[in-house]
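Where a number appears in this text, it was derived from the coordinates with a stated rule and is not lab data. Model, not experiment: these values are computed from the prediction. Positions of Cβ are backbone-derived with ideal geometry, glycine not excepted, and every protein chain shown enters the neighbour counts.
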Amino acid sequence: MDQATQLRNLKKSQNEARAKRARVITVTSGKGGVGKSNVAINLAIQFKKLGQRVIILDADLGLANIEIMFGTVPKHNLSDLIYQGRNIREIITQGPMDVGFISGGSGITRMSRLDRDNLSYIVMNLAELDSIADTVIIDTGAGIADSVMEFLVASGEIILVTTPEPTSITDSYSLLKALTRHPRFRREETQIRVVANQVSGDNEGQILFNKLNAVVVRFLKLQLTYLGAVPHDQALANAVMQQKPVSLHNPTAKSTRAFERIAGQLTDNEQLKNANSRGMAAFFSHILGGSR
């Protein structure tokens with residue numbers, strides 16, 4: 001089947017499912033080592049437990065945290081969709097509890113160099129995720145690299161993971177500062193929530209959020225929302241060593257219960273969810289259109 005025929009079939013499929021849009025949640029951090037991928041993976045597991053179809057897009061170009069923590073090696077990545085003629089379903093690897101994940105690999109950075117026909121092919125394929133998943137979680141790289149910023153400005157929902165370390169707080173602020181200065185950032189259409197990770201408890205998490213939010217409101221005129229805290233937990237560290245999500249490895253762990261609460265809070269807010277569900281077609285059209 002040639003690419004033109006594939007495009008026509010994809011457009012037909014998209015038109016049939018036009019009303020269906022996946023919820024896209026982008027998980028990010030100002031620096032590495034704060035547990036960002038752990039948050040992404042365990043939220044995916046919790047959404048799955050709530051009956052949702054979930055796919056993680058691993059967009060961290062420097063690391064392969066998702067596949068390592070899932071204990072699974074993907075056969076394909078986004079480059080195979082771009083250059084090898086694979087379709088979107090073929091490059092999805094099934095992780096625990098049938099949570100799907102897509103390895104971005106070098107395909108993320110190479111998208112900006114594609115011609116119009118290839119861009120259309122990629123966007124239409126990624127739009128298929130709207131019919132495959134209820135929620136797509138995008139795990140970005142850490143910091144303020146251009147590739148990270150492109151994902152953030154395209155997202156209606158951002159989860160910023162930070163810790164009490166001074167460098168983590170400082171780098172979180174730097175990321176938000178870079179985001180607000182991006183020419184395509186739409187603050188009125190973007191919900192930014194904060195997860196305080198590796199804290200002693202809810203009180204320290206709230207103090208951490210208040211400290212960061214006060215500075216962000218004052219200097220960036222940006223309002224953040226506190227999503228919750230994930231405590232220090234040896235059970236989580238043990239699960240990582242076993243290459244398993246703590247939500248499956250130890251369902252009664254303190255960190256598992258924290259992820260349950262956070263996922264429940266995200267799921268309960270249906271009005272906000274519907275307002276920000278742009279779907280994967282709009283998400284990647286925004287990224288690719290801005291890179292041209």
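Of the listed peptides 24-32, 90-98, what is their order by residue-averaged count of other C-beta atoms within 10 Å, with the highest listed first?
24-32, 90-98
Consider a paramagnetic label point 7 Å from the Cα of Gln243 along Cα→Cβ; state which residues of region 56-95 have an amide N under 15 Å from it.
Correct set: 64-75, 94-95.
State the extension gain, in nm to one decimal, for the chain segment bounded by Asn203 and Gln94, taking 0.36 nm per residue of separation less the distance between their alpha-carbons.
This chain segment gains 35.5 nm when fully extended.
Can you tally the net charge around Pro245? Count Lys and Arg as +1, Asp and Glu as -1, for every other residue whose Cβ sits under 12 Å from the Cβ of Pro245.
With Lys, Arg at +1 and Asp, Glu at -1, the neighbours total +3.
What does the net charge come to around Asp98 if you take all other residues with beta carbon closer than 11 Å to its beta carbon, with K and R at +1 and D and E at -1?
Within the 11 Å Cβ shell, the charges total +2.
Taking square-rooted eigenvalues a ≥ b ≥ c of the alpha carbon gyration tensor, is region 20-290 rounded, prolate or oblate, where a/c under 1.5 means rounded and, failing that, a/b exceeding b/c means prolate?
Oblate is the answer for region 20-290, as a/c is 1.5 or above yet b/c matches or exceeds a/b.
What full-extension length gain, to one decimal in nm, is calculated for Lys177 and Tyr83 as 0.36 nm per residue of separation minus the Cα-Cα distance?
Extending this stretch completely gives an extra 30.3 nm.
Excluding Gln234 itself, what net charge comes from residues whose Cβ is under 15 Å from its Cβ, given Lys and Arg +1 and Asp and Glu -1?
Neighbour charge sum, excluding Gln234 itself: +2.
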